[in-house]
Amino acid sequence: MDGIQDHAYVGNMRTGALVGRDGRVSWMALPRFDSRAHFTSILGTEEHGLWRIGPVSSDGTAPAAGRRRYLDDTLILESVWTTEAGTVKVLDFMPTTGEAAQLVRIVEGVAGRVTMHSVLRARTDYGRTTPQLVFGGRRVSTRLDEGRLWLDADVHLGARGDDLFSQFTVSEGEQVAFTLSWQPDQTTPPPLPAPAALLRQTTAFWTTWASHCTYTGARRDDVIRSLIPLKALIYEPTGAMVAAASVSLPEEIGGIRNWSYVYCWLRDSAFAAESLAQFGYGQEVEAWIDWVTAVIDGDFDNLQIMYGVGGERDLVEEELDWLPGHAGSRPVRIGNGAAGQLQLDVFGEVVDALAKAQQHYPHLAPKVSPLITGLVGCVEKLWRKPDMGIWEVRGPRRHFVHSKIMAWTAVDRAVRLVEAGHMDGPLGHWRALRDTIHRDVCEKGYDKERNTFTQSYGSTELDAALLHALLSGFLPADDKRVIGTIEAVQHDLSIKGGYLLRYRTSGNVPGVDGLTGHEATFLIGLGWLIVALGRIGRTSEAEILTEALLRARNDVGLLSEEWDPHAEQQLGNFPQAFSHIAVLMALAAAPTGAEPETAEVAVR
């Protein structure tokens, strides 16, 4: 079975597909990111749904492509096989037309004459149901409970059991195209596709979008390659962004830390909006603000930390007991029970992103101000409560220091905006609230003997999220407590290669997160460490760790949630917005890149 890092991703800002090295589509949900999947073999076996196009070896196995890449600044995947008979390539992409979802696969002969196989095994409802095939020449459809799939091909399609099968050959310069289309109703077929025109349109879309990037520093190609996944994870009809394009890929092979990420976290999307604003993508930022406004709908007291991409609130967590999980990692979960958690840090992250959006795009002030006022009102009511924190622990609530500092951040940004004349608010009251939270954190969340902030009040544990908290400007960068915390976190949580754990897990007994087992290093934590080291003048070390972060990417420049430096493999859901945000943070903060924001002296 392909590992997580062996996959590439194609998408259309509505949904996406994971494509393995052997040309296998092993995950695709239709029509939305959070719809029930039609290809699910990455979470099970080949019997749970796949679509493979590629050559077949003499022993009947499917070889891996010898080379893969994305074409220029696009999300169009090119996979190349060189066989004894010749060389062939496959272009995979999802058109960005705004129409119903399509996956186009164009096979092109490069040299010689190569025999190719296409095997489409649709298994709806996450691999549980085999749909009926309906033939009509070179157009075949499958009846679904909701909607219908249509496959159009330039070659004959036949049945092999419940699979759609085609064998064909391509010579140099010849092309054979396949187009899989989803339609919302059972009776209306899609228009006959024009794959070449769709390829031109999709190429133009991505290259034009990438050209709008305002970054002019070093390694611009790497910046673009991490911006494109962020764009691809946006659900364009609403402006929401999913945390990742997959469900239940494990944080530990064989472990239980398997969660669904195909929803919009306010936190994750706030981080993404901040990155997009920094690199010149105001349209996406404004769409995100409109989505936040719509899902809150003025009811701040009932705010959730995550929603479906259409604003859905009911994200019931379920276990799919018919799936064995990726590499035997069970249970496989959909939904996410963390939707109902109290996570205080979210208020600070969203307010900070809103404030930065207004700085980049002043015309957004009328949209930003009421959101900030409402969110700060929530902070005032809730900040003294224990919560589940940024890592969504399944154990007891705690007074997480990161959560408290981000509560401070929400109030601080509101104060600054009022002071600058960009919004109205009770300035004196908010200043007093900011000071109160600051004193509380410094008194209860700081270990004087070790000169470090701790994971939670009264705890001796450390947490990579402290790095993010201290990037907020809670204290000046040269404060001994900041330097001490950075050094303590790096010393206690770094492992091979300098990669950073979120926190220490406890193995066979439940840890602070309420879970057994372990996990790999969390890549956004390394991004925070890189920026923090730069802030305190340790730029050479930050540059070394930036190279380590970039080395964790796979051959097409994509990152999952975590990296195991011992096994040298990616773990967790894929592709992961957090991890690509880490790359963007690190590159923008590099001395040869854009200048990082200066941490200001906070009220103490």
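The values are calculated or read from the model by the stated rules, or taken from the named source; none is laboratory data. Because the structure is predicted, anything quoted here is derived from the model rather than measured. In this analysis, Cβ positions are derived from the backbone assuming ideal geometry, glycine residues included, and neighbour counts consider all displayed protein chains. These accessible areas exclude ligands, DNA and RNA; they are computed on the full protein's heavy atoms, side chains included. Shrake-Rupley method; radii C 1.70, N 1.55, O 1.52, S 1.80 Å.
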**OP:** Can you tell me which residue among G428, G374, G395 is assigned to a loop (DSSP other than H, G, I, E, B) and among the small types (G, A, S)?
**Re:** G395
**OP:** Give me the pairs, please: first residue somewhere in the range 455-472 and assigned to a loop (DSSP other than H, G, I, E, B), second residue anywhere and of a type in the set (K, R), beta-carbon distance under 6 Å, and either six or more positions apart or on two chains.
**Re:** Y457/K444; A464/R502
Original post:
Which pairs do you get when a residue that is at positive phi, found in the range 537-564, comes within reach of a residue that is in a helix (DSSP H, G or I) and surrounded by 21 or more Cβ atoms within 10 Å (Cβ to Cβ), reach meaning Cβ atoms under 8 angstrom, with the pair 6+ apart or on two chains?
Top reply: G557/S226
Subject >> Single match in L276, L266 (criterion: in contact (Cβ under 8 Å) with a residue 40 or more places away in the chain and more than 30 Å from L515 (Cα to Cα)) >> reply: L276
Original post:
Taking into account only those residues within the range 521-555 that are part of a loop (DSSP other than H, G, I, E, B) and open to solvent by 10 Å² or more (accessible area, probe 1.4 Å), which is nearest to D72 (Cα to Cα)?
Top reply: D555
Subject >> Residues within the range 128-143 that are open to solvent by less than 20 Å² (accessible area, probe 1.4 Å) and either assigned to a loop (DSSP other than H, G, I, E, B) or out of contact with any Phe, Trp or Tyr (no Cβ under 7 Å at 6 or more places or on another chain) (or both), tallied >> reply: 3
**OP:** Return yes when V441 is open to solvent by less than 30 Å² (accessible area, probe 1.4 Å) and closer than 27 Å to A552 by Cβ and no when it is not.
**Re:** no
Original post:
Out of W81, W150, which single residue is open to solvent by 10 Å² or more (accessible area, probe 1.4 Å) and hydrophobic (A, V, I, L, M, F, W, C)?
Top reply: W150
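Okay, residues lined up against (1) under 24 Å from I234 (Cα atoms); (2) open to solvent by less than 10 Å² (accessible area, probe 1.4 Å):
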site: D2; (1), (2): no, no
site: A17; (1), (2): yes, yes
site: R32; (1), (2): yes, no
site: G109; (1), (2): no, yes
Original post:
Within the range 356-406, restricting attention to residues that are among the polar types (S, T, N, Q) and closer than 15 Å to V285 by Cβ, which residue is surrounded by the most Cβ atoms within 10 Å (Cβ to Cβ)?
Top reply: Q358
Original post:
If a residue has to be among the basic types (K, R) and touching a residue at least 60 places away in the same chain (Cβ under 8 Å) to count, how many in the range 473-518 make the cut?
Top reply: 2
Original post:
All but one of (1) at pLDDT 95 or above; (2) within 18 Å of V247 (Cα to Cα); (3) touching a strand residue (DSSP E or B) at 6+ places or on another chain (Cβ under 7 Å); (4) open to solvent by less than 20 Å² (accessible area, probe 1.4 Å) hold for G44; which doesn't?
Top reply: (3)
